[in-house]
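Before any comments, here is the structure.
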Amino acid sequence: MAVEIQVRVNGKTHDSRVEPRLLLVHYLRDVLGLTGTHIGCETSLCGACTVLLDGKAVKSCTVLAVQADGSEVTTIEGLAAQAPGNGAKGGLHPVQEGFWEKHGLQCGYCTPGMILTSVQLLEDNPDPSEAEIRRALAGNLCRCTGYQHIIEAVRYAAKKMSKGKR
Amino acid sequence: MIPAAFEYHVPKTLEETLRLLERHGDEAKVLAGGHSLLPLMKLRLAAPRYVIDIGRLRGMSYIREENGQIAIGALTTHADLESSALLLMRCPLLPETAAEIGDVQVRNRGTLGGSLAHADPAGDYPASILALDAEIIAASTAGTRTICARDFFVDMLTTQLRPGEILSQVRVPPLAPRTGAAYCKLHQPASGFAIVGVAARLTLGKGGKIDSAAVGITGVGPKAYRAAAVEKALRGKKPSPKLLADAARHAAQGVEPLSDLHASAEYRREMAAVFTRRALERAIARAQGKKA
Amino acid sequence: MAMRYIGKPLKRKEDPRLIQGLGHYVDDLQLAGMHYTGFVRSPHAHARIRSIDTSKARTAAGVVLVLTGADLQGAIGPVPCAAQLPDMKLALRPVLAHDRVRFVGEPVALVVATERYAARDATDLVEVDYEPLTPVVNPEKALEKGCTVLHEQYSDNIAYRWELEGGDLAKAFKAADKVIRQRLVNQRLIPVAMEPRGVVADYKPGEKQLTVWSSTQIPHLLRTQLAVMLGVPESSVHVITPEVGGGFGSKLNVYPEEALVGYLAMRLGQPVKWIESRRENFLCTIHGRDQIDDVEVAVKRDGTVLGLRCKVIADLGAYYQLLTPLIPTLTGLMICGCYKIPAVRMEITGVFTNKMATDAYRGAGRPEATYIIERMMDLVAAELKKDPAEVRRKNFPQPKDFPYATPTGVTYDSANYQKSLELALRNSNYKRLRQEQAKLRRQGRYIGIGLSTYVEICAMGPSSAMPAGGWESATVRVEPTGKVNILTGSSPHGQGQETSFAQIGADVLGLEPDDINVVHGDTARVPYGIGTFGSRATAVGGTAVYKSLVKLRDKLAQIAGHLMGEAPQKLVFRQKRIISKATKKSIAFGEAVGAAYVAKTLPPGLEPGLDATTFFEPSNFTFPFGVHVCVVEVDADTGDVKLQKYVAVDDCGNVLNPLLVDGQVHGGIVQAVGQALLEEAVYDEHGQLITGELMDYAIPRAADIPWLETSRTVTPSPVNPLGLKGVGEAGTIGATPALLNAVVDALAPFGVRHLDMPVKRERVWQLMRKGRRAK
């Protein structure tokens, strides 16, 4: 028994008929073809599937697509367009830029989730300390980087975003 | 990773929800934030025939003062509790507890009602709900009833909620004057759940003696409990480090602690004492107006 | 060659696609008509399969095929093992079990459906009737007489015995003032690459071409093995590794699912996808380590180590994977660590148990060796009441001793251990840490300081010392427009060779990194390669790249020299021009390239085109080394261990890109924190993996780690022209014993001389309680 849903993803509205059990992450990846959101576990622990749902970081493997009906989703593919001043002209979000500048990724699999969680962190706390960044990333596992360059990436973005606001 | 198929209902009103629950009984599961239910369904440890999504019910997510109490809607997320200005001022124990749950993403979705109704023996809220002498409001087609926190938790994953009932609201008293409360937790290193979680609420009398003490403990036994022996050892006494430490030793009295991969029964018993002492120390300091 | 890019912290070329979600991992591939497969896996550690009823699954919605092991008899060859040791028993694993299962998670049947969700549903509908057999879980019990035997054709569970002896051990132990003994357990670990495994296969019957996309570290070896397993010509198999989301050795293997998905695509004429769940990843992707080491060290009173004897029981699991039996032998080769130990003896017993196979996991045999020797050095220091640094210093070979041959038969290329140690002690302010420790102990706080001086073996080659192929290939092709393609046989999965190889290319040819495109992981595009593992991609693969670049530069110099009327050996390549050192005359790089293709103005006898291939085989391994110092604090109430400070001095020879090297070191150290403090794959007495999910198996999180203070010394390796050693595993190898030594040091006031990994808080709490009671 399929259900009609309407979800706005990265600024574009999608009307879909989905099985109620379809996970949001599978909806994004398999139905909409937005494969930048990854799947790394089934117990809501690794954070690879993190997206912004109505502006808040959530694990899209633990949300049904039907629960996102009427909501707005931002995935890694749509993040840059939301960066202040970027608009439709492309470029990178400051957090993406930080990850590139500071070598915040190796295999890249956890990266989209890391970036989106960091985006929410910087919205809540524009100048986080090292300890605050580490705590905010509790729900995102990385097996490659040892996290240090990720911390530097978030700091880079914080600095850049605060300059942009001044 | 993939849940079994189910029939999906998304009621618009509480009344409709309750009718659906009445009709489908045990075969239905209520979906709120989904952070207790969906992981179980994805591992196929749960495969309900009907899922009733209450996430769209209006007016179920709020934190407000009502008749001298703070009323919290069942759909209020952990993140909302964590950052609520009202709670931070009047009942900071709940934000302190909420902040210890999972991670940012989980706190953005998980709800107070869902977590309590799930009654995970390692969940965080039960300790604080007990220490606060909270009231839990259950709604059904027959009307609502109030369950006090002490009666709510029955056993592992089992509460007083009857088939056809839904947890609709939690009521907590604001902290009284000269009262301090604290939640201290030993995390399970992988999942972040509580191996031991202790919530303490202490009120000092005018002479500086402990007037009332409430200690809720989660993680240790199959259900969260009030540490009556600890409370008794504190009541009417002048707080001192030794008193708190001695009282804390009774933390697991009368409880058969759980034993698993992450902590033996013996270790849980001992850690119950350690974290009870820590929670008491912090609560006392706060009651005395110190920063802790 | 002007070093404009080599050695510089260049941002990675691979990142723009990865930070925008534009990279493609296996599960991101979507082909028309894609089918999905799911596996039915044994819930028993050891059982006979009585019967399998597939009737319900076959008729379920969307299901197109259900197969059991019996259906596949003779159709697909067994899972390959490349390692061969003398007297090693064979234990061939069928791709689907057909009469007996030997570990929880072993696949017994599969379903194929037109939808991902339908395939998952149908796996629940296959009914298997098992007759449970006694599971063999404990490797020591597995060796006892009368124990149930896993492989019925044999009389016991011993897979092999392997011995290595060098020097006069009897003399060493006779001359010793003291013999120090300890049993050390190196626990079983789960690699947990963030991307689980996955396979997509597509077959074109007209062209007889099978294309397999797999999340693997070894595309070419996989292609060869798939051809053998499926009985098709290797020329009909094409393996592509898209983005690979981490490996750590767990994807240095050939798995049943890879062959099965390929087989299904051929049989059905439809593309087929399989994506591993995390649960499956825990159960049926290789595990790491799992050794019990009984060690004896003979020492003089002054701390001189005379000899070492070690008996190893290596729990191999139920079957061999690609390199399973070989891994413990690497422990043997490196058991002397960075010390002059004149006599050693290793005895390794490989044992079958009802568990998933162990195999190469970051470090593969060397973390075990380093852990053994570094724990023993601390025990020696404790026993002789000397500072751990002093005992180490006493036993180092001197810089003039290199190349230094160990009694285990390997020759360390180059090192200066003294320099690293002094730098690490200085950077960590070691003396002050000791004072601080004494002060805090008086306050009832327990910090521990841990030291490890390590040497490892990497840049895997030469071939004589490898199971198959100790070389690496590279083709460099300058295209007619002057852009360069570097085709490497190494197949990186996070290490960043698209950047570091472009840095080499830019410097050799005098171009910009953006002019250079690095292609990897596609067997139809790049020449046969061995793969990325054993910290070899840069030192061996990078050298092959360098040599091919030099060949091309020499050819271009001939062409340019001919055009310019200059001697080719007088030409230098700089800023996209080819310049005469003598006359300062120059031509554009592109002009010489054009001449090579247009081929009207070539020197007589020179072939047209610009394409060079090298198969580089090093003459020896390389031996990176370093010193790690860390500080932990133990919570006296709970036994919780908190890592507070970490100082690392590593030497990986010359460095192509310091940013990438730091990243490897950080990641390596944090994986060691996992082994030391958090991780353990626990099977219960029934052979059930009770740490079967991330809910119960903790890997380090950001908040578990302090700021890592890293620095380097540079001792170039003489075995390759760029002086590279490799750095992929060093962090893990060096850090694990440093962490344990710190914990033991913290617990010294409680009379603790050793505890096993992972350091669980409850164990620490017990030891502290015991120590307090003893006082």
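What follows draws every value from the coordinates through simple rules; no lab data is involved. Model, not experiment: these values are computed from the prediction. Ideal geometry is used to build each Cβ from the backbone, glycine not excepted, and the neighbour counts take in all protein chains shown.
Mind jotting down the distance between the C-alpha centroids of segment C:431-450 and segment A:139-163, whole Å?
Centre-to-centre (Cα) distance: 32 Å.
Cα centroid distance between segment A:1-56 and segment C:556-611, in Å?
Here the two parts' Cα centres lie 55 Å apart.
In square nanometres and to one decimal, what's the mean projected area of the convex hull around the Cα atoms of the protein assembly as shown? Present the calculation step by step, with values, prior to reporting the outcome.
Values: hull surface 202.2 nm².
Mean projected area for the protein assembly as shown: 50.6 nm², to one decimal.
Pick out, from B:S36, C:G494, B:G192, the residue whose Cα sits farthest towards the positive end of the charge dipole of the protein assembly as shown, with +1 on the Cβ of Lys and Arg and -1 on the Cβ of Asp and Glu.
B:G192
What's the exposure ranking of A:I5, B:I210, going from fewest to most Cβ atoms within 10 Å? Before the final figure, lay out each step's value.
On the way: A:I5 21, B:I210 24.
Listed from fewest to most nearby Cβ atoms, that is A:I5, B:I210.
Can you give the relative contact order of segment B:179-287 as a percent, counting alpha carbon pairs under 8 Å and 6+ residues apart? Numbers along the way, then the final one.
On the way: 243 pairs, mean separation 35.7, N = 109.
Over segment B:179-287, the number comes to 33 percent.
Given a cut-off of under 8 Å on Cα pairs at least six residues apart, what relative contact order in percent is computed for segment C:174-308? Could the numbers behind the result be given before it?
Details: 252 pairs, mean separation 55.8, N = 135.
Averaging sequence separation for qualifying contacts and normalising by length gives 41 percent for segment C:174-308.
Alpha carbon centre of segment C:466-523 versus segment C:704-768: separation in Å?
33
Who wins for biggest fluctuation among B:L161, B:L130, B:L112 in a Gaussian network model of chain B, springs between alpha carbons below 10 Å?
Comparing B:L161, B:L130, B:L112 in the GNM, the peak value goes to B:L161.
Ranking B:D124, C:D28, C:D156 by Cβ neighbours within 10 Å, fewest first, what do you get?
Values: B:D124 27, C:D28 20, C:D156 17.
If I rank by nearby Cβ atoms, fewest first, I get C:D156, C:D28, B:D124.
Among C:L571, C:G505, C:N485, which residue has its Cα positioned farthest towards the positive end of the charge dipole of segment C:462-616, with +1 placed on the Cβ of Lys and Arg, -1 on the Cβ of Asp and Glu, and the dipole taken about the Cα centre?
Farthest towards the positive end: C:L571.
State to the nearest 20 debye the size of the charge dipole of segment B:7-53 about its Cα centre, where the only charges are +1 on K and R beta carbons and -1 on D and E beta carbons. Let's see the in-between values first.
Numbers: 7 positive and 7 negative charges, 43 e Å.
Rounded to the nearest 20 debye, it is 200 debye.
Please name whichever of C:H44, C:A544, C:G77 sits farthest to the positive end of the charge dipole of chain C, dipole taken about the Cα centre and charges placed at Cβ: Lys and Arg +1, Asp and Glu -1.
My answer, from the dipole projection, is C:A544.
Could you work out the mean count of beta carbons from other protein chains within 10 Å of each residue's beta carbon in A:112-125? Could you put the intermediate results ahead of the total?
Numbers: counts 5, 2, 2, 3, 1, 3, 0, 0, 3, 1, 0, 0, 3, 0.
Mean shielding by partner chains, rounded to a whole number: 2.
Near A:A138, within a Cβ-to-Cβ distance under 13 Å, what is the net charge of the other residues, with Lys and Arg +1 and Asp and Glu -1? List each step's numbers first, then the result.
On the way: positive: A:K59, A:R134, A:R135, B:R107, C:R701; negative: A:E132, B:E100, B:D103, C:D704.
Combined, the nearby Lys, Arg, Asp and Glu give +1.
Please list, in chain and number order, the residues 5+ apart from A:G40 or on another chain whose amide H is under 5 Å from its amide H, with Hs placed from the backbone.
A:A48, A:C49
Inside 10 Å of the C-beta atoms of B:3-12, what's the mean count of C-beta atoms belonging to other chains? List each step's numbers first, then the result.
Values: counts 9, 5, 8, 4, 2, 8, 1, 5, 0, 0.
What the average comes to for B:3-12 is 4.
Within a 10 angstrom radius of each residue's Cβ in B:31-43, how many Cβ atoms of other chains show up on average? Whole number is fine. The partial results should precede the final answer.
Details: counts 4, 1, 4, 7, 5, 1, 1, 10, 10, 1, 4, 10, 6.
Averaged over the peptide's residues, the number is 5.
Just the Cα atoms of chain A: what Rg and Dmax do they give in Å?
So, for chain A, Rg and Dmax equal 15.7, 52 Å respectively.
Apply the Kirkwood formula to segment B:14-120: the hydrodynamic radius equals the inverse of the mean of 1/r over all pairs of different alpha-carbon atoms; give it in Å with one decimal.
Details: mean 1/r = 0.0679 Å⁻¹.
Every distinct Cα pair counted, the radius reaches 14.7 Å.
With +1 on the Cβ of every Lys and Arg and -1 on the Cβ of every Asp and Glu, and nothing else charged, how large is the dipole of segment A:3-75 about its Cα centre, in debye rounded to the nearest 20? Can you show the working numbers first?
Values: 7 positive and 8 negative charges, 32 e Å.
Result for segment A:3-75 is approximately 160 debye, rounded to the nearest 20.
What's the magnitude of the charge dipole for the protein assembly as shown around its Cα centre, counting Lys and Arg as +1 and Asp and Glu as -1 at the beta-carbon? Answer in Debye, nearest 20. Intermediate values should be presented prior to the final figure.
Details: 147 positive and 130 negative charges, 853 e Å.
With only Lys, Arg, Asp and Glu charged at Cβ, the dipole is about 4100 debye.
Where does the charge balance sit around B:D103 when Lys and Arg score +1, Asp and Glu -1, over other residues with C-beta under 10 Å from its C-beta? Show your work: numbers first, answer last.
On the way: positive: A:K59, A:R135, B:R107, C:R701; negative: none.
That sum, taken over residues with Cβ under 10 Å, equals +4.
Show me C:193-205, B:14-26 ranked by packing, highest mean number of other Cβ atoms within 10 Å first.
Numbers: C:193-205: 23.8, B:14-26: 16.3.
For the peptides C:193-205, B:14-26, the packing ranking is C:193-205, B:14-26.
How high is the relative contact order of segment B:1-125, in percent, with contacts defined as C-alpha pairs under 8 Å that are six or more residues apart?
Values: 203 pairs, mean separation 31.7, N = 125.
Across segment B:1-125, relative contact order equals 25 percent.
With a sphere of radius 14 Å drawn around the Cβ of B:R226, what net charge do the other residues whose Cβ falls strictly inside it have (Lys, Arg +1; Asp, Glu -1)?
That sum, taken over residues with Cβ under 14 Å, equals +2.
Could you list C:S473, C:S55, B:S212, C:S452 in order of exposure, starting from the residue whose Cβ has the fewest other Cβ atoms within 10 Å?
Working: C:S473 24, C:S55 11, B:S212 16, C:S452 32.
Ranked by crowding around the Cβ, least crowded first: C:S55, B:S212, C:S473, C:S452.
Within the protein assembly as shown, what percent of beta bridges assigned by DSSP are antiparallel, to the nearest 5? Mind showing how you got there, number by number?
Values: 158 of 195 bridges.
Of the beta bridges lying entirely in the protein assembly as shown, close to 80 percent run antiparallel.
Hydropathy first: keep DSSP H helices in chain B averaging at least -1.0 on Kyte-Doolittle, then drop any whose Cα extent along the axis falls short of 20 Å, and list what survives.
Values: long enough: B:265-287 (32 Å, -0.42).
Correct list, ordered by number: B:265-287.
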